[in-house]
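For reference, the structure I am asking about is given below.
The values are calculated or read from the model by the stated rules, or taken from the named source; none is laboratory data. Note that the structure is a prediction, hence the values are computed from the model and not measured. Every residue, glycine among them, receives a Cβ derived from its backbone with ideal geometry; neighbour counts consider all protein chains shown. All accessible areas refer to the heavy atoms of the entire protein, side chains included, with ligands and DNA or RNA removed. Shrake-Rupley method; radii C 1.70, N 1.55, O 1.52, S 1.80 Å.
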Amino acid sequence: PTPRQPCPITMFWKFDLNTTSQVDKLLDKEDVSLEELMDEDDVLQECKAQNRRLLDFLCQQQCMEQLVTLITHEPPVDMDEKVRFKYPNTACELLTSDVPQINDKLGGDETLLNILYDFLDHEPPLNPLLASFFSKTIGNLIARKTEQVISFLRKKDKFLSLVLKHIDTSAMMDLLLRLISCVEPTALRQDVLNWLNEARIIQRLVELIHSSQDEDRQSNASQTLCDIIRLSRDQSTQLQDVPEPDPLLTALESQECVEQLLRNMFDGEQSETCIVNGTQVLLTLLETRRSGVEGLMDSYTQGFERSYTVSSSILHGIEPRLQDFHHLLLHPPKKPAILTTLGVLEEPLGNARLHGSRLIAALLHTNTPSINQELCRLGTMDLLLDLFFKYTWNNFLHFQVELSIAAILSHSVHEGKASPGELGTKEEAPSGNTAPEPPQRSEPPAAATQNVMVTHLFQKCCLVQRILDAWEANDKIQAEGGRRRGNMGHLTRIANAVVHNMEKGPMQTQISDFIKELPEDCRGRWESFVEETLTETNRRNTVDLVSTHHLHSSSEDEDIESAFPNELTLQQAFSEYQIQQMTANFVDQFGFNDEEFADQDDNINAPFDRIAEINFNIDADDDSPNASLFEACCNERIQQFDDNEEEEDIWEEKDISYATQVKARTRFGASQTSESSKSDLENGDHDGSVDSEEEEEQPPPPSPHKGSTPEQKDSDSCQGT
């Protein structure tokens with residue numbers, strides 16, 4: 001027989017091992033153009049990977065000039081709009097790819113810097129996209145080639161004037177902020193700040209907040225000043241080796257600067273834009289606390305706030321102009337009627353009056369005696385309460401009035417200086433829904449037995465009578481089938497603040513005396529309101545939030561839910577709870593991170609137990625069929641699992657002993673008895689579910705003056721009118 005010939009072996013490669021990129025192939029051509037390279041999708045990736053051949057090509061003088069020209073000159077208008085800015089965008093990405101070779105070439109070549117700088121000579125308005133390319137490129141150079149670029153810019157006498165000329169383009173605002181925040185080391189940064197201060201950059205920005213300027217210029221100038229304040233304060237607290245104070249912040253906090261800003265707002269022709277933008281700067285100057293920047297703080301420090309000092313010069317500058325803000329609340333800039341979901345609003349509140357109320361609240365939190373006296377003389381709090389009850393659907397206003405009242409009630413005891421004083425600083429965590437406690441004064445003031453603002457609030461403003469009248473008017477409207485007023489949630493919180501401070505606030509004696517001095521019928525109405533109506537409202541707002549969740553079947557079709565009778569729904573819920581309890585100890589998904597296997601007591605981000613919450617409403621009567629069914633289910637099906645017992649096979653057939661006391665799991669995975677559950681309810685700690693036995697033995701409703709009032713069940717409308 002013929003011997004069998006061996007079969008030829010054919011190799012099939014699944015992957016192409018050729019690592020030569022298309023960019024390298026193009027670079028092999030002698031006449032390759034920059035446009036050809038930028039047409040390749042991976043040119044930016046190759047650049048960031050520091051492809052030596054590509055970088056040598058890009059860093060040629062001709063190519064660099066072409067790249068800078070692309071980001072500073074308008075593309076031809078006859079090009080398709082979809083690809084018109086393709087090359088400028090790619091050029092900007094290449095120039096800001098943070099490759100040392102490109103940074104060195106661009107930052108060290110004055111010819112290239114001049115081409116880049118010439119963009120500022122264009123007439124306004126600048127193309128916003130090209131302006132963003134310019135700002136991004138200059139900003140990258142400021143961060144990477146700081147000394148060379150700062151030296152170049154300081155030689156340009158018109159640089160800051162041109163930046164302010166184009167401040168209506170937000171990219172110019174970003175460039176100015178980069179000069180303040182991205183310069184290192186500290187000595188060079190201080191040198192730049194002194195240069196900007198000598199050029200009167202703060203005063204020139206303030207001049208732009210004027211009714212004669214267009215809205216974009218005013219808005220960006222205001223935002224720039226606010227950002228400078230926050231950046232300067234943050235850096236002054238972070239940098240411990242600052243040789244001297246920030247000159248820009250010192251200029252902003254000066255009385256002269258504040259007075260100039262207020263003159264621009266109120267002297268001559270007034271406009272809402274100017275008033276709003278100017279007030280935003282004043283509010284930033286009055287900030288005593290600011291939460292940490294999101295994304296920059298880990299979970300252990302989230303929620304904590306930095307505290308700052310409010311200079312007395314700011315308060316001195318504002319005080320003579322309080323009458324202008326009071327007049328603003330009375331006679332705001334004219335606005336046309338607007339159509340809302342509740343009908344036509346003939347006289348909208350307006351943004352100017354809203355910002356005026358925000359400023360009043362901020363000033364009251366500084367607790368400056370002379371400012372308090374002036375506000376009492378003007379009757380500003382009385383006017384704010386008038387607006388509170390007039391604009392029943394503007395929750396932005398309601399919140400500011402609530403903050404104002406909370407400030408008067410909570411820390412008026414610190415009043416004791418005859419002129420605006422400086423506030424101290426203190427680091428502390430936020431305190432939930434209640435108004436934050438004020439920073440302590442740097443010097444302990446003398447105790448005051450009578451506080452002028454508290455007296456004004458209860459006697460001149462008739463706060464108690466207004467609360468009672470508004471509540472009764474709302475009850476009457478609802479009894480007639482009308483809609484609940486939109487300010488009732490904030491009114492509840494104000495009433496709770498009064499009761500709380502009357503019992504244990506710093507001015508409790510003075511407040512209690514005012515309540516006792518009320519006419520007999522009014523005092524009786526107030527006591528009845530506190531003991532019955534307010535207590536019931538707080539109880540309802542607390543309980544209903546955790547017990548009105550609707551039960552959904554396992555199907556996603558919500559319409560099926562209505563087909564089940566109450567008994568079947570309850571039984572189905574109990575079955576689902578058993579399944580979840582049984583499977584909670586098993587790994588039911590992949591992708592766990594290492595933290596989940598760490599000691600949970602030491603990890604604030606520890607995952608919660610995967611047992612879902614089940615909330616439902618049932619009758620709590622002993623004779624209720626629901627209660628009987630629930631007891632039957634418990635007696636038949638609940639099996640105790642004790643973590644302290646020795647491990648055993650839970651599937652082993654054996655007699656089951658039933659416990660008389662059922663352990664309930666909390667949402668955090670720990671177990672607690674029904675007694676401890678009742679204790680948690682008494683302390684206001686609700687875990688989202690209430691069973692029938694807990695409803696039978698419901699603890700007393702929370703006191704109306706309990707720390708902070710829960711959010712209202714029916715959220716107030718936040719209509720910014």
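Counting only residues that are modelled with pLDDT of 95 or more and farther than 17 Å from residue 257 by Cβ, how many does the stretch 300-323 have?
Final tally of qualifying residues: 2.
Within the stretch 324-340, restricting attention to residues that are assigned to a helix (DSSP H, G or I) and open to solvent by 20 Å² or more (accessible area, probe 1.4 Å), which residue is nearest to residue 400 (Cα to Cα)?
Among those residues, the one meeting the criterion is 326.
When you go through (1) farther than 26 Å from residue 46 by Cα; (2) open to solvent by 40 Å² or more (accessible area, probe 1.4 Å); (3) of a type outside the set (Lys, Arg) one by one for residue 89, which number turns out not to apply?
(1)
Restricting to the stretch 236-286, count the residues that are assigned to a loop (DSSP other than H, G, I, E, B), surrounded by fewer than 16 Cβ atoms within 10 Å (Cβ to Cβ) and either touching a Gly at 6+ places or on another chain (Cβ under 7 Å) or in contact (Cβ under 8 Å) with a residue 12 or more places away in the chain (or both).
Of the residues in that region, 7 qualify.
Which of the residues spanning the stretch 341-359 are under 27 Å from residue 482 (Cα atoms), open to solvent by less than 30 Å² (accessible area, probe 1.4 Å) and touching a residue at least 24 places away in the same chain (Cβ under 8 Å)? Break it down into steps so the answer makes sense when it comes.
Filtering the stretch 341-359 for residues under 27 Å from residue 482 (Cα atoms) gives 341-350.
After this cut, where a residue has to be open to solvent by less than 30 Å² (accessible area, probe 1.4 Å) as well, the list is 343, 348-350.
Answer for the stretch 341-359, where residues must be under 27 Å from residue 482 (Cα atoms), open to solvent by less than 30 Å² (accessible area, probe 1.4 Å) and touching a residue at least 24 places away in the same chain (Cβ under 8 Å): 348, 349, 350.
If you don't mind, there's one more thing I want to ask. Farther than 27 Å from residue 36 by Cα, open to solvent by less than 70 Å² (accessible area, probe 1.4 Å) and out of contact with any helix residue (DSSP H, G or I) (no Cβ under 6 Å at 6 or more places or on another chain) - does that describe any residue in the stretch 124-131?
To start, the set of residues in the stretch 124-131 that are farther than 27 Å from residue 36 by Cα comprises 124-126.
Now restrict to residues that are open to solvent by less than 70 Å² (accessible area, probe 1.4 Å): 124, 126.
Now narrow it down to the ones that are out of contact with any helix residue (DSSP H, G or I) (no Cβ under 6 Å at 6 or more places or on another chain): 124, 126.
Looking for residues that are farther than 27 Å from residue 36 by Cα, open to solvent by less than 70 Å² (accessible area, probe 1.4 Å) and out of contact with any helix residue (DSSP H, G or I) (no Cβ under 6 Å at 6 or more places or on another chain), one finds at least one in the stretch 124-131, hence yes.
Of the conditions (1) touching a residue at least 60 places away in the same chain (Cβ under 8 Å); (2) over 24 Å from residue 74 (Cβ atoms), residue 144 clears all except one; give me its number.
(1)
Filter the stretch 160-192 down to the residues that are open to solvent by 30 Å² or more (accessible area, probe 1.4 Å) and among the charged types (D, E, K, R) and list them by number.
Matches in the stretch 160-192: 165, 168, 174, 178, 184, 191.
So residue 157 passes all but one of these: (1) more than 30 Å from the chain's Cα centre (by Cα); (2) surrounded by 17 or more Cβ atoms within 10 Å (Cβ to Cβ); (3) farther than 28 Å from residue 282 by Cα. Which condition number does it fail?
(2)
Still on this structure: May I ask you to list pairs of residues, at least six apart or on different chains, whose Cβ atoms are under 6 Å apart, with the first in the stretch 221-235 being touching a residue at least 12 places away in the same chain (Cβ under 8 Å) and the second being among the charged types (D, E, K, R) and open to solvent by less than 10 Å² (accessible area, probe 1.4 Å)?
none
Give the number of residues within the stretch 385-399 that are part of a helix (DSSP H, G or I) and either on the phi > 0 side of the Ramachandran plot or buried (at least 24 other Cβ atoms within 10 Å of the Cβ) (or both).
Final tally of qualifying residues: 3.
Quick check: anything in the stretch 193-207 open to solvent by 20 Å² or more (accessible area, probe 1.4 Å) and under 29 Å from the mean Cα position of the chain (by Cα)?
no
Can you work out which of the residues in the stretch 68-82 that are more than 38 Å from the chain's Cα centre (by Cα) and over 20 Å from residue 121 (Cβ atoms) is surrounded by the most Cβ atoms within 10 Å (Cβ to Cβ)?
79
Next up: Of the residues that sit in the stretch 114-123 and are open to solvent by 10 Å² or more (accessible area, probe 1.4 Å) and not charged (D, E, K, R), which one is farthest from residue 102 (Cα to Cα)?
Filtering the stretch 114-123 for residues open to solvent by 10 Å² or more (accessible area, probe 1.4 Å) gives 114-115, 117-118, 121-123.
Then keep just the ones that are not charged (D, E, K, R); that gives 114-115, 117, 122.
Working: 114: 16, 115: 16, 117: 17, 122: 26 Å.
Looking at the filtered set, the residue picked out is 122.
Filter the stretch 500-513 for residues that are in contact with a Ser or Thr (Cβ under 8 Å, 6 or more places away or on another chain) and open to solvent by less than 30 Å² (accessible area, probe 1.4 Å); which is nearest to residue 472 (Cα to Cα)?
Ranking the candidates gives 501 first.
Of all residues in the stretch 475-489, which are open to solvent by 30 Å² or more (accessible area, probe 1.4 Å) and either in contact (Cβ under 8 Å) with a residue 40 or more places away in the chain or in a helix (DSSP H, G or I) (or both)? Can you show your working first?
Just the residues of the stretch 475-489 that are open to solvent by 30 Å² or more (accessible area, probe 1.4 Å), to begin with: 475-485.
Answer for the stretch 475-489, where residues must be open to solvent by 30 Å² or more (accessible area, probe 1.4 Å) and either in contact (Cβ under 8 Å) with a residue 40 or more places away in the chain or in a helix (DSSP H, G or I) (or both): 475, 476, 477, 478, 479, 484, 485.
Need pairs with beta-carbon distance below 6 Å; first residue farther than 15 Å from residue 118 by Cβ and within the stretch 63-86, second among the basic types (Lys, Arg) and open to solvent by less than 40 Å² (accessible area, probe 1.4 Å); sequence gap 6+ or separate chains.
From the stretch 63-86, the pairs are 75/84.
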